[in-house]
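This report concerns only the one structure given below.
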Amino acid sequence: MLDAPALSRVVDRMAHELLEKTGGGADVVLLGIPTRGTHLARRLAQRVQAFEGLTVPTGSLDVTLYRDDLRMKSPRALEETDVPADGVDGKLVVLVDDVLFSGRTVRAALDALADLGRPRAVQLAVLVDRGHRELPIRPDYVGKNIPTSLRETIHVQLSETDGADAVLLGPAAS
Amino acid sequence: MNRHLLSAADLSLEDATLILDTAAELAELTERATVKKLPTLRGRTVVNLFFEDSTRTKTSFELAAKRLSADVINFAAKGSSVSKGETLKDTALTLEAMGSDAVVIRHSWSGAPVNLARIVRGSVVNAGDGTHEHPTQALLDAFTMRQKLGRLEGLKVTIVGDILHSRVARSNVLLLKTLGAEVTLVAPPTLLPTGVDTWPAEVSYDLDAVLPKSDVVMMLRVQRERMGAAYFPSAREYSRRYGLDVDRVRQLQDHTIVMHPGPMVRGMEIASEVADGLRSTIQDQVANGVSVRMAVLYLLLGGSESAIGSEQ
């Protein structure tokens, strides 16, 4: 669905939109949801730095302990939570994830964020919106809308974790 | 399927590493990000069933469960139905009928947690049974070593003192073997258990010969309450040969840390200056105990089935 150059252009556009919509990005904190959301947050921060020379505080927010499906499977290993030193109080926090699907991860992230402090506002940036929301959650920045069937899978690959950049639409699960 | 943490020997390398990694993230959350309450175990009930005096371990488990939003019931044997003659089995069944999801047990009988695990449906966590095992202490010790020295594989760990009566020593030997560290036990012959030659550890009677090679020195308390007879000539004699004083600390490598599971007897197995010194990790061990116990409770109770531990 996206190859490496296309993915790079999409992240460029998202960084521009972020700067535009946040009036220059002065009080923005980027928090990625591990693992690929964290890498995407760092990439957005790098682009903003390149475009405007602005250093945006960037971190990582693990939502495992806040998930609503915890009781339905075996406990999972935790991912990294790393909040920038100045915290989130009064900031415009932009949550970053690779794929937006049911919206349940974002709900968990909002709960986790509430325990860290009180942001001025919270926005959501996703590389892919594949539809099928189960909660009233909507993204502020979307890299690419990919309408999918529930049986299909979306694979976001990033060079940091997967060796190369790509977004793939997987075969319908059997 | 609920599983139990009864012995450090039950933990595979994968289990132990998962606990330590989870504890590290939890420590980051609760200490650096100052999240004091996580919703993860909301609605779960943890019973602290302590038949033996303990302040540190009981408080640590209670705090760990509460930070994960579990409900905690503290059941002290003194002044309870146990003093009226109730058996361990009946106590356990009563608590279970009240809906407990996990029982954290401390008992003076070696093997009490294993027996309990055969009776109750929930998870059982051994918080120290007689002179047998204390697995969460070993986990928090390993966590502290990894935190201070960056690794466990190949680490030279020296455990000094009353090995005979120490559940901490046994659990540490078993866990550190799994994690790839090399343990040397140092004690007078009278304070070594029979069969210690079958443990996966070296044994020495000469503390001064072992200290310069050690990355970690763990001092144990002489457990006089468990001693019926004299195991050494005098406290002064013991202290002179097996106590860690300022002169002995000078033999240590620069990076070597000094540990003690507490409670310590200052001036006996460890000098005050050493216990309060820069190498001492005694306070870190207490703080890390909460994170490690949070990790154990999360991995046992957080999902539909346990991610760690043994079946019984």
Consider region A:95-143. How many of its residues are crowded, with 16+ Cβ neighbours inside 10 Å and in a strand (DSSP E or B)? 17
Kindly establish whether A:ASP86 is without any contact (Cβ under 8 Å) to a residue 60 or more places away in the chain, within 14 Å of chain B (Cβ to nearest Cβ) and over 17 Å from the mean Cα position of the chain (by Cα). yes
When you scan region B:216-312 for helices (runs of 4 or more DSSP H) that lie fully inside it, which ones turn up with 2 or more residues that are without any contact (Cβ under 8 Å) to a residue 12 or more places away in the chain? B:235-242
Got a number for residues in region B:18-53 being without any contact (Cβ under 8 Å) to a residue 40 or more places away in the chain and not aliphatic (A, V, I, L, M)? 11
Looking at region B:295-312, which of the residues that are farther than 20 Å from B:LYS37 by Cβ and within 8 Å of chain A (Cβ to nearest Cβ) is surrounded by the fewest Cβ atoms within 10 Å (Cβ to Cβ)? B:GLU305
Among the numbered criteria (1) more than 13 Å from every other protein chain (Cβ to nearest Cβ); (2) within 23 Å of B:TYR298 (Cα to Cα), which one does A:GLY24 miss? (2)
When you check B:ALA209 against the structure, is it farther than 24 Å from B:GLU52 by Cα, out of contact with any helix residue (DSSP H, G or I) (no Cβ under 9 Å at 6 or more places or on another chain) and in the same structural domain as B:LEU278 (by TED's automatic domain parsing), yes or no? yes
Among the residues of region A:26-39, count how many are buried (at least 24 other Cβ atoms within 10 Å of the Cβ), in contact with a helix residue (DSSP H, G or I) (Cβ under 7 Å, 6 or more places away or on another chain) and either modelled with pLDDT under 95 or not in a strand (DSSP E or B) (or both). 1
Considering region B:177-192 alone, what residues qualify as being free of Cβ contacts under 8 Å to residues at least 40 places away in the same chain and either crowded, with 17+ Cβ neighbours inside 10 Å or in contact with a Pro (Cβ under 9 Å, 6 or more places away or on another chain) (or both)? B:LYS177, B:ALA181, B:GLU182, B:VAL183, B:THR184, B:LEU185, B:LEU192
Residue that is surrounded by fewer than 24 Cβ atoms within 10 Å (Cβ to Cβ), at pLDDT 95 or above and in a helix (DSSP H, G or I), where the choices are B:LEU93, B:LEU174, B:LEU152: B:LEU174
Leading residue by the ranking (farthest from the other protein chains (Cβ to nearest Cβ)) among those in region A:49-78 that are farther than 25 Å from B:GLU14 by Cβ and under 16 Å from the mean Cα position of the chain (by Cα): A:VAL56
Give all pairs with beta carbons closer than 6 Å in which a residue from region A:138-151 that is of a type in the set (Asp, Glu) meets a residue that is modelled with pLDDT of 95 or more; count only pairs at least 6 apart in sequence or on separate chains. A:ASP140/A:GLN123; A:ASP140/A:LEU124
Criterion (charged (D, E, K, R), touching a residue at least 60 places away in the same chain (Cβ under 8 Å) and more than 14 Å from chain A (Cβ to nearest Cβ)) met by exactly one of B:ARG56, B:ARG67: B:ARG56
Of all residues in region A:60-94, which are closer than 29 Å to B:LEU301 by Cα, not in a loop (DSSP other than H, G, I, E, B) and not charged (D, E, K, R)? A:SER60, A:THR64, A:LEU65, A:TYR66, A:LEU70, A:MET72
Of the candidates A:LEU127, A:LEU113, A:LEU150, the one satisfying the condition of being within 28 Å of B:LEU26 (Cα to Cα) and of a type outside the set (Phe, Trp, Tyr) is A:LEU113
Being closer than 26 Å to B:MET264 by Cβ, at pLDDT below 95 and polar (S, T, N, Q) is true for just one of B:THR144, B:THR184, B:THR131, B:THR136. Which residue is that? B:THR131
Specify the residue that is modelled with the lowest pLDDT; the eligible residues are those in region A:71-94 that are farther than 19 Å from B:ARG32 by Cβ and crowded, with 22+ Cβ neighbours inside 10 Å. A:PRO75
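The values are calculated or read from the model by the stated rules, or taken from the named source; none is laboratory data. As the structure is a computational prediction, the values presented were derived from the model and not from experiment. Here Cβ is always computed from backbone atoms with ideal geometry, including for glycine, and neighbour counts include all displayed protein chains.
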